[in-house]
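S.K.: One structure follows; several queries about it will come next.
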Amino acid sequence: MEATLVYRGRPVTEAQLDGLRDLIAAHPGASRRALSLLLCQAWQWMQSNGQPCEALARGLMLALHRAGRLELPPVRCQPPNNAAAHRPPGPVEVDPSPVTGCLASLRPLDLRPVRRTPQERLFDGLIEQYHYLGYTRPVGEHLKYVAFWGERPVACLGWGSPPRHLGPRDRFIGWPPEARRRNLRYLAYNTRFLILPWVRVSHLASHLLGAMARRIAGDWSRIYGHPVYYLETFIDPARFAGTCYRAANWIWLGLTTGRGHNSRSSRATQPRKQVLGYPLRRDFRELLLRIDPDA
């Protein structure tokens, strides 16, 4: 059946829209949140960890309500905007004395996942203080790592959910829209990579990227119930050459359009960035092109 609209890559047919109206009519006392949970149950919109895609369902219903396609019950309560109220991480105290020498002198390095641990604050504070982009509160699936030499932090790496549309990457994989929608969760995006400014050790960055490639799929699976098969990142060529990624065998795929993911213009409004990718398995294309009807 032909879709009458598409919301965040998911087609919605007129029959589904009629069913949603019937669902609302059958539960006249239900709140918007309760209706979103009922919709997830009716349409089997579930995350890989078994939790309902509540935010997706609520966003769809709100979009249809604003477009006049259905009528939602009045808002019962307005929760605080935690993202807007969130304060930047405070400064953290670390030893800033120089770390120099060859990579062998730092081994073994301890690459620790710190999300949901007492050391997560260390990651957040170091990124806020020393990364040129600062700290941004992640949304969706994400992991944070701090590399330690003994008990001294030397680097931070952050990973998160990838952008939905990325031309160079999608062409490299050969992704049709439906396979991309279903399998985007199997990608991880390197959101932040920081070598602390007093650390001057040759080949440290590429070494850490290699260490991440060997462990991130297992860590992701343990936290979120599914692995990742492919890594990606952006490089601002006005600031960096991306040498450490190339040394770690990442693949240069092209440049972004510079329009941003929500741009309504065909003209570039942001700096164009290099797109680099790293397949974690030889059969990554086969896995990412697979369309599982239960996904």
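The values are calculated or read from the model by the stated rules, or taken from the named source; none is laboratory data. In this text, all values refer to a predicted model and were calculated from it rather than measured experimentally. With ideal geometry, Cβ positions are generated from the backbone for all residues, glycine too; neighbour counts draw on all protein chains shown.
S.K.: Kindly indicate the residue of the range 153-184 that is part of a helix (DSSP H, G or I) and in contact with an Asp or Glu (Cβ under 7 Å, 6 or more places away or on another chain) and also modelled with the lowest pLDDT among those meeting that condition.
M.R.: Filtering first and then ranking leaves ARG182.
S.K.: Among the residues of the range 123-136, are any hydroxyl-bearing (Ser, Thr, Tyr) and under 19 Å from LEU209 (Cβ atoms)?
M.R.: Yes, some residue in the range 123-136 is hydroxyl-bearing (Ser, Thr, Tyr) and under 19 Å from LEU209 (Cβ atoms).
S.K.: Also, I was wondering about something else. Please state which of the following conditions PRO162 fails to meet, knowing it meets all the rest: (1) farther than 28 Å from ILE251 by Cα; (2) under 25 Å from the mean Cα position of the chain (by Cα).
M.R.: Of the numbered conditions (1) farther than 28 Å from ILE251 by Cα; (2) under 25 Å from the mean Cα position of the chain (by Cα), the odd one out for PRO162 is (1).
S.K.: Right, something else. Would it be correct to say that LEU106 is in contact with a Phe, Trp or Tyr (Cβ under 6 Å, 6 or more places away or on another chain) and at pLDDT 95 or above?
M.R.: no
S.K.: Just to be sure I understand the filter: pairs with C-beta atoms under 9 Å, separated by 6 or more residues or on different chains, first member in the range 273-291 and part of a helix (DSSP H, G or I), second member of a type in the set (D, E, K, R). Which pairs pass?
M.R.: From residues that are part of a helix (DSSP H, G or I), the pairs are LEU287/ARG281; LEU288/ARG180.
Residue-by-condition table, conditions (1) in the same structural domain as ARG185 (by TED's automatic domain parsing); (2) in contact with a helix residue (DSSP H, G or I) (Cβ under 9 Å, 6 or more places away or on another chain); (3) of a type outside the set (A, V, I, L, M, F, W, C):
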position: ARG21; (1), (2), (3): no, no, yes
position: ARG32; (1), (2), (3): no, yes, yes
position: LEU38; (1), (2), (3): no, yes, no
position: TRP43; (1), (2), (3): no, yes, no
position: MET46; (1), (2), (3): no, yes, no
position: PRO52; (1), (2), (3): no, yes, yes
position: ALA55; (1), (2), (3): no, yes, no
position: MET61; (1), (2), (3): no, yes, no
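S.K.: Also, quick follow-up: Checking the structure you have, find out if any residue of the range 52-65 is surrounded by 10 or more Cβ atoms within 10 Å (Cβ to Cβ) and modelled with pLDDT of 90 or more.
M.R.: The answer is no, given that none of the residues of the range 52-65 is surrounded by 10 or more Cβ atoms within 10 Å (Cβ to Cβ) and modelled with pLDDT of 90 or more.
S.K.: Using the structure shown, decide if PRO153 is crowded, with 17+ Cβ neighbours inside 10 Å and closer than 18 Å to ALA205 by Cβ.
M.R.: yes
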